[in-house]
1. Go through region 206-225 residue by residue and tally those that are crowded, with 18+ Cβ neighbours inside 10 Å and closer than 23 Å to Arg112 by Cα.
2. Answer yes if at least one residue in region 185-195 is of a type in the set (S, T, N, Q) and out of contact with any Lys or Arg (no Cβ under 6 Å at 6 or more places or on another chain), and no otherwise.
3. State whether one or more residues within region 48-55 are under 16 Å from the mean Cα position of the chain (by Cα) and of a type outside the set (A, V, I, L, M).
4. Is it the case that Ser158 is small (Gly, Ala, Ser) and either part of a loop (DSSP other than H, G, I, E, B) or crowded, with 21+ Cβ neighbours inside 10 Å (or both)?
5. Being touching a Pro at 6+ places or on another chain (Cβ under 8 Å) and either surrounded by fewer than 20 Cβ atoms within 10 Å (Cβ to Cβ) or not acidic (Asp, Glu) (or both) narrows it down to one of Leu153, Leu124, Leu137, so name that one.
6. Within region 40-76, work out how many residues are among the acidic types (Asp, Glu) and part of a loop (DSSP other than H, G, I, E, B).
7. What are the residue pairs meeting all of these: first residue in region 128-142, first residue assigned by TED's automatic domain parsing to the domain that holds Ala71, second residue of a type in the set (S, T, N, Q) and part of a helix (DSSP H, G or I), Cβ atoms under 6 Å, and 6 or more apart or on different chains?
8. Report yes if Arg103 is basic (Lys, Arg) and part of a helix (DSSP H, G or I), otherwise no.
Amino acid sequence: MSPKPRHLTLIAATRKPENERHPSAQSDPLWRKLCEEAEDAFEREPNLARILRETILDRDNLEDAIVHRVAGRLGNDFVSSAQIVAAFGHALTEDPEIAEAFRADIAAVIDRDPACDRFIEPFLYFKGYHAIQTHRLAHWLWRENRTDFALYLQSRSSDVFQTDIHPAARIGKGVFLDHATGFVVGATATIDDDVSILQNVTLGGTGKESGDRHPKVRRGVMIGAGAKILGNLEIGEYSRVAAGSVVLHSVPAHTTVAGVPAKIVSVSLKSEPYRDMDQILGQLAYDCFTYNI
């Protein structure tokens, strides 16, 4: 019988017996599922053995795993991943809602992204998920008056994830940032729970005004790719902003707006746009794109 490949033997030797791994997984269904997916990936793809071990298989719980994965992406020669892990640890101790948001956000991806059916995918690969969790740490640091570290993380997140979220911005739970590239959020913006946002969206100001000057996005909203929402206005709950729209005025709840500038094209009291993720609008909506700025 020919010997087993040496690299596979070495990998297997580093693994703990199953009954010694992930004791917390027995009482945490989400963590248990992620561990099972990691075990499966470990068997199928030995090239990912190190990242699977260091971010999941050797971690104690879901929060610890997420912190190490995000910190691993953010760390560099100037601020190490260990320093970021330590900062996350303080934040999680002081604000348990951050851990709740970790879970709500990863569940949102599974619920709303038709291309994703495993928790391990946003955990390991999705920069939108990682960018939001980075912001959660930056926001905690901002509230603790550690503004320089907060602004550093904003800058580092921009380098790594191509997002620019001011650390003062307030972001709720269950937020799905799909693709993430080009997402810009101003300092006084608010994003409530259960919101879905696609790439190249701006929640910005209209110029040099000071004070409260950025949008407030309410629960259940979906914002399509490339939309620009400018000024201290409100996007009402369960409303939808069509891809490519420029919103300059508040949007009532349960409505769809489209165009440049955006105007109301439909009203639906029963829809859940943040879950439907439907950017395909009827001809009436596309007729709004007359670019009348």
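The values are calculated or read from the model by the stated rules, or taken from the named source; none is laboratory data. This one's a predicted model, so the numbers in the text were calculated from it and none came from an experiment. All Cβ positions, even for glycine, are placed from backbone atoms using ideal geometry, and neighbour counts span all protein chains on display.
1. Taking region 206-225 and keeping what is crowded, with 18+ Cβ neighbours inside 10 Å, we get 213-218, 220-224.
Filter again for closer than 23 Å to Arg112 by Cα, leaving 216-218, 220-224.
Final tally of qualifying residues: 8.
2. No: zero hits.
3. Looking for residues that are under 16 Å from the mean Cα position of the chain (by Cα) and of a type outside the set (A, V, I, L, M), one finds none in region 48-55, hence no.
4. Numbers: small (Gly, Ala, Ser): yes; either part of a loop (DSSP other than H, G, I, E, B) or crowded, with 21+ Cβ neighbours inside 10 Å (or both): no.
Judged against the criteria, Ser158 is not a match.
5. Only one candidate qualifies: Leu153.
6. Taking region 40-76 and keeping what is among the acidic types (Asp, Glu), we get 40, 43, 45, 54, 58, 60, 63-64.
Okay, now just the ones that are also part of a loop (DSSP other than H, G, I, E, B), so 45, 58, 60.
Adding up the residues that qualify gives 3.
7. Note: pairs meeting the criteria are Ala131/Ser157; Thr134/Ser157; Ala138/Gln154.
8. Judged against the criteria, Arg103 is a match.
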